[in-house]
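The values are calculated or read from the model by the stated rules, or taken from the named source; none is laboratory data. Note that the coordinates shown come from a computational prediction; the quantities given were computed from them, not determined experimentally. Cβ atoms come from the backbone with ideal geometry, glycine included; neighbour counts cover every protein chain shown.
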Amino acid sequence: QVQLVESGGGSVPAGGSLRLACVASGNIPSTYVLAWYRQGPGNQREFVASVSNIGLTKYADSVKDRFTVSWDIPKDTTYLQMNNLKPEDTANYFCNAVALSDYGHKLEYWGKGTLVTVSS
């Protein structure tokens with residue numbers, strides 16, 4: 001029943017911008033952190049950015065000062081604004097949610113990804 005759906009991916013030239021969105025639906029318990037990961041061809045999935053329920057943000061060094069993550073709590077939506085994109089940013093971008101159940105158990109959910117392609 002829990003579902004995370006990413007959108008906003010596409011193809012852009014180097015230096016361009018994209019804004020990704022992740023909308024959560026279903027019976028999701030109290031969410032602690034929303035994060036973005038990415039996986040390029042032949043690469044492992046890597047952390048990109050995250051935002052906590054109190055607004056604290058973290059960024060991978062490779063995207064710091066170029067990407068901005070935000071969380072619109074009333075809309076159950078997280079955004080990843082990506083500026084000055086580089087070819088090495090080409091990857092499938094995944095939304096991740098970390099939450100706590102009514103019993104205090106840690107739960108984790110993943111979206112299916114949205115593809116970002118940056119040309120040289």
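Among the residues making up region 102-119, a single one is at pLDDT below 95, hydroxyl-bearing (Ser, Thr, Tyr) and assigned to a strand (DSSP E or B): Tyr109.
Taking the numbered list (1) touching a residue at least 60 places away in the same chain (Cβ under 8 Å); (2) farther than 30 Å from Tyr103 by Cβ; (3) in a strand (DSSP E or B) in turn, Leu85 passes all entries but (3).
Does Val63 satisfy the criteria of being hydrophobic (A, V, I, L, M, F, W, C), under 20 Å from Gly9 (Cβ atoms), free of Cβ contacts under 8 Å to residues at least 60 places away in the same chain and touching a Phe, Trp or Tyr at 6+ places or on another chain (Cβ under 8 Å)? Answer is no for this residue.
Within region 11-18, can one find any residue that is within 11 Å of the chain's Cα centre (by Cα), within 19 Å of Leu115 (Cβ to Cβ) and surrounded by 12 or more Cβ atoms within 10 Å (Cβ to Cβ)? So far as region 11-18 goes, no, none of its residues is within 11 Å of the chain's Cα centre (by Cα), within 19 Å of Leu115 (Cβ to Cβ) and surrounded by 12 or more Cβ atoms within 10 Å (Cβ to Cβ). When the strands (runs of 3 or more DSSP E) confined to region 1-51 are screened for residues that are among the aromatic types (Phe, Trp, Tyr), those reaching at least 1 such residues are found at 30-39.
In the list Asp61, Asp89, Asp72, which residue meets the criterion of being acidic (Asp, Glu), out of contact with any Leu (no Cβ under 6 Å at 6 or more places or on another chain) and closer than 21 Å to Gln3 by Cα? Steps first, answer last, please.
Working: Asp61 fails: closer than 21 Å to Gln3 by Cα; Asp89 fails: closer than 21 Å to Gln3 by Cα.
None of the others qualify; the one that does is Asp72.
Annotation note: of Ser25, Ser120, the sole residue that is touching a residue at least 24 places away in the same chain (Cβ under 8 Å), in contact with a Pro (Cβ under 9 Å, 6 or more places away or on another chain) and loosely packed, with under 14 Cβ neighbours inside 10 Å is Ser120. The one condition from (1) out of contact with any Ser or Thr (no Cβ under 7 Å at 6 or more places or on another chain); (2) surrounded by fewer than 18 Cβ atoms within 10 Å (Cβ to Cβ); (3) under 18 Å from Gln1 (Cα atoms) that Thr31 does not meet is (2).
Filtered by the rule that a residue be within 14 Å of the chain's Cα centre (by Cα), more than 18 Å from Leu18 (Cα to Cα), surrounded by 12 or more Cβ atoms within 10 Å (Cβ to Cβ) and not basic (Lys, Arg), region 57-110 gives Thr57, Asp76, Asn96, Ala97, Val98, Tyr109, Trp110. Right, Ala99: farther than 15 Å from Val2 by Cβ and in a strand (DSSP E or B) or not? No, not satisfied. Criterion applied to Val33, Val12, Val5 was being farther than 19 Å from Gly111 by Cβ and touching a strand residue (DSSP E or B) at 6+ places or on another chain (Cβ under 8 Å), and the one residue passing it is Val12.
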